[in-house]
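Take a look at the structure set out below.
None of the figures in this text is laboratory data; all of them are computed from the coordinates on show. This one's a predicted model, so the numbers in the text were calculated from it and none came from an experiment. Neighbour counts run over all protein chains shown; Cβ positions are idealised from the backbone, glycine included.
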Amino acid sequence: MDFCYGASRALEDISLDVPYHRVTALIGPSGCGKSTLLRCINRMNDRVPGARVTRGQVRVKGKNIHDADVDLTQLRKQVGMVFQKSNPFAKSIYDNVAYGLRIHGEKNKAVLDEAVERALRHSALWDELKDRLGASALALSGGQQQRLCIARAIATLPDVLLMDEPCSALDPISTLKIEELMSQLAREFTVIIVTHNMQQAVRVSDFTAFLHLGKIIEFGPTEDIFTNPREKLTEDYLRGIFS
Amino acid sequence: MKSKTDHANPFAGDSTGIQKRETAARWALRAGSYLVVLTTAAIMLHIFVKGAPVVFRSEWPFVNTQFLTELPSQLHVIEDKQGRRYETGVNGADAIKKELGENYRSEKTIAYSGGGILGPIVGTALLVIVSVSVALFLGVACAIYLSEYAKHGKFLELIRLAILNLAGVPSVVFGLFGLGAFVLTAPVFVDVPADRSVLAIPLGFTTLSFEGWDTCVLSGGFTLAFVILPVIITASEQCLQAVPQGFRETSMALGATRWQTIRYSVLPFATPGILTSSILGIARAAGETAPIMFTAALAFKDKLPWQKDLPPLPADASVFAQWEQSLQRFLGIFTESVQALPYHIYTLAAKIPQNEYSERAQYGSVFVFLVLVAALATVSIWMRIHLRKKYRW
């Protein structure tokens, strides 16, 4: 697959088979196209003028997501996303988690309650927050906010969860909590995470893809990549020769 | 050995005039600012000193109820031979003259200066309500389109330029535009189209005739809406842009459509700012004279808009006929022409001979006008603060 922003090619010859119900990490130096690749998977790049896939296709659950009969809202419901900066809406905790369900037309209070509880349990927030679901999400700590964003993303029960450097703005303890979360999430979701922290990739992912200048240099089980890289470039990057 | 204080000051000021120019510049700028503040204060104080005595009274109920609750009328001033003056309305004049008998010396009549200014207050309130409703609806719609939907490019820049230019159009031009567009050509449903109808489309049961709304609150309100539209669009757009992009991205990533995103995670957070911008709109709409001169305002009217003359109903009229008349009277708030405060002030100040009595009516009107605008602005500010508390990020 090729992907361009206007005339400049951001991704070239990308070919990647993301394994089902595993955590896949995308690593690489800044500007290598990891985030662009991630945003291709739920077509968030559609918002950028001139951005388009110029060759090849992106398939999710066997369907080319750029087909005319793909409904963008359904795609994004099933391919959830968590952003680098935690950005809860300035609403209550409950409303934040229920947002995705509500915009998809769910009005039944019992169903919403259940979904909110399930999502919060999944993101390990339920015990901390169950007594103050009505409080503003902005009153939470940074780590809690990011976990709330994860809860919000998984409340609609997506099949794929995209995470764009979810821990880059967090302290080590919050990061640890989210990393613990990820291995649990992989039981139910296919998780793809962009990270610039290689230790994190080792800790959380089952597979790793190394990108450089818009190309996938190497892709394989995380262990193999980190202990025994096939490519010189990967080895150099992992050893910190360039970043 | 010399002590430290005996050393030449290494940081001594430069006496070549740089310092003097600095001081001069500072004082010139300061004087300019003070002049502005002083002028504004002088105007306000003048209006307060001259206007407050007209509106307020020293004893209960402390306000001049007549001035606030009666329609403008002719003022009769009758003088007796001892130089005492009696002020009265049209109806009281004859009685006083009869009572004075031989003692009667002279009578003066001053147009529009008697009674009160309820008509203009009501008219201005109606015009402001109509124009701000229309302008907020159109303006926010336009701002949402420009900020959230429209593709960046030459065309968008052109639209922005046009909106900015609209803000510079003289208000009398808006008045003429309103006369042409709303008073003379806006579409109405009528049974028989008027001769001047530009275009009449028969619809079977009725006719859609482009013959205008005549001079009325609706015409004036729409015209004023176009006057304040640029302010509202520009300000609303800025408020929408101020909502963090992250809210939009997250909402979209959860599968929301663009409209859902705007409705649930952009508009709620932009509303306080949009309301603030409407404050400016309110003050402007209430204050404009030229746009309503041709479209809504009358120099004099002896009825409130909902006191329309209708043929008396027969005694055995059905409930429906009575309802219909009530409805017609109610709709008068849109379809009748009104007096408006700015135009009333203009009439008092420029269209009638000046004397102490007309001056009193002028200052009273101006004072009430200022208080009214300040009150409207206060309500908007209160709403903004209230909403800010609810939606903060």
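What are the lysines whose alpha-carbon lies under 26 Å from the alpha-carbon of A:Lys232, with same-chain residues fewer than 8 places away excluded?
A:Lys34, A:Lys215
Please list, or write none, the aspartates and glutamates whose alpha carbon is within less than 13 Å of the alpha carbon of A:Lys61, excluding same-chain residues fewer than 8 places away.
Reachable aspartates and glutamates: A:Asp17, A:Asp159.
Tell me the relative contact order for the stretch B:72-115 as a rounded percent, counting alpha carbon contacts under 8 Å between residues six or more apart. Before the final figure, lay out each step's value.
On the way: 78 pairs, mean separation 25.8, N = 44.
It rounds to 59 percent for the stretch B:72-115.
In debye, nearest 20, what is the charge dipole magnitude of the protein assembly as shown about its Cα centre with +1 on Lys and Arg Cβ and -1 on Asp and Glu Cβ, if you could check? Walk me through the numbers before you get to the answer.
Working: 65 positive and 58 negative charges, 259 e Å.
Here the protein assembly as shown has a charge dipole of around 1240 debye.
Using just the C-alpha positions of the stretch B:72-115 as equal point scatterers, what log10 of I(q)/I(0) does the Debye formula give at each q in 0.20, 0.34 1/Å?
Listed by q, the Debye log ratios stand at -0.54, -1.19.
Where the convex hull is taken over the Cα atoms of the stretch B:16-55, what is its projected area averaged over directions, in nm²?
Numbers: hull surface 10.3 nm².
Mean projected area for the stretch B:16-55: 2.6 nm², to one decimal.
From the convex hull of the Cα coordinates of the protein assembly as shown, what is the mean projected area in square nanometres? Intermediate results must be reported in sequence, preceding the final value.
Working: hull surface 219.4 nm².
So the Cα hull casts an average projection of 54.8 nm².
Jot down the per residue volume, in cubic angstrom and as a whole number, of the convex hull over the alpha-carbon atoms of the stretch A:1-140. Before the final figure, lay out the partial values.
Working: hull volume 21.5 nm³, N = 140.
Considering the Cα atoms of the stretch A:1-140, their hull volume per residue is 154 Å³.
Hey, can you rank B:129-141, A:64-76 by average C-beta count inside 10 Å, highest first? Kindly include the intermediate steps, with their values, before the conclusion.
Numbers: B:129-141: 20.2, A:64-76: 13.6.
My ranking of the peptides, most packed first, is B:129-141, A:64-76.
Which value, in Å³ per residue, describes the convex hull spanned by the Cα atoms of chain B? Don't jump to the answer; show the numbers that get you there.
On the way: hull volume 140.1 nm³, N = 393.
That works out to 356 Å³ per residue.
Output the peptides B:118-128, B:93-103, A:143-153 sorted from most to least packed, where packing is the average of other Cβ atoms within 10 Å over each peptide's residues.
Values: B:118-128: 23.7, B:93-103: 12.3, A:143-153: 25.6.
Top to bottom by mean Cβ count within 10 Å: A:143-153, B:118-128, B:93-103.
Using Cα positions and a limit of under 17 Å, work out the lysines in reach of B:Lys81, with same-chain residues fewer than 8 apart set aside.
Filter leaves B:Lys97, B:Lys98, B:Lys108.
May I ask what percent, to the nearest 5, of DSSP beta bridges between residues of the protein assembly as shown are antiparallel?
Working: 36 of 54 bridges.
Rounded to the nearest five, the antiparallel share is 65 percent.
Restricting to chain A, compute how many DSSP beta bridges are antiparallel as a %, nearest 5.
Values: 16 of 33 bridges.
Counting DSSP beta bridges with both partners in chain A, the antiparallel share is about 50 percent.
Distances over 28 Å make up what percent of all Cα-Cα pairs in chain A?
Details: 9665 of 29403 pairs.
More than 28 Å apart: 33 percent of the Cα pairs in chain A.
What average count of beta carbons from other chains do you get within 10 Å of the Cβ of residues in A:81-91?
On the way: counts 5, 2, 4, 1, 4, 2, 9, 4, 11, 10, 7.
Whole-number average of other-chain Cβ neighbours for A:81-91 is 5.
Give me the inter-chain shielding for B:307-313: mean count of other chain Cβ atoms within 10 Å, whole number please. Intermediate results must be reported in sequence, preceding the final value.
On the way: counts 0, 0, 0, 0, 0, 0, 0.
Per-residue shielding by partner chains comes out at 0.
Across peptide B:240-253, what mean number of C-beta atoms from other chains lies inside 10 Å of a residue's C-beta? Working shown, then result.
Details: counts 0, 0, 0, 1, 4, 2, 8, 4, 2, 7, 14, 6, 9, 17.
Per residue, the average neighbour count from other chains is 5.
Let me have the relative contact order for the stretch A:2-238, percent, based on Cα pairs under 8 Å that are six or more residues apart. Can you show the working numbers first?
On the way: 409 pairs, mean separation 73.5, N = 237.
Contact order relative to length: 31 percent.
At R0 = 60 Å, how high is the FRET efficiency between B:Leu158 and B:Phe11 if r is their beta carbon distance? Nearest 0.05 is fine. Could the numbers behind the result be given before it?
On the way: r = 57 Å, r/R0 = 0.95.
So, using R0 = 60 Å, E works out to roughly 0.60.
In whole percent, what relative contact order does chain B give with Cα contacts below 8 Å and a gap of six or more residues? If you can, show how the numbers build up before the last one.
Details: 546 pairs, mean separation 78.1, N = 393.
In percent, rounded to a whole number, it is 20.
Would you mind giving the average projected area, over all directions, of the Cα convex hull of the stretch B:194-252 in nm² with one decimal?
Values: hull surface 32.0 nm².
Average projection, Cα convex hull of the stretch B:194-252: 8.0 nm².
Pull up all non-local amide H partners of A:Ala25: gap of 5 or more, or a different chain, and H-to-H distance under 5 Å with H placed in the peptide plane.
The list, which skips near neighbours in sequence, is A:Ile193, A:Asp206, A:Phe207, A:Thr208, A:Ala209.
Which ³J(HN,Hα) values in Hz, rounded to whole numbers, follow from the phi angles of the stretch B:90-99 under the Karplus curve 6.51 cos²θ - 1.76 cosθ + 1.60, where θ = phi - 60° and Gly and Pro get x?
Ordered by residue, 3J(HN,Hα) equals 4, 6, x, 4, 5, 4, 5, 4, 5, 5 Hz.
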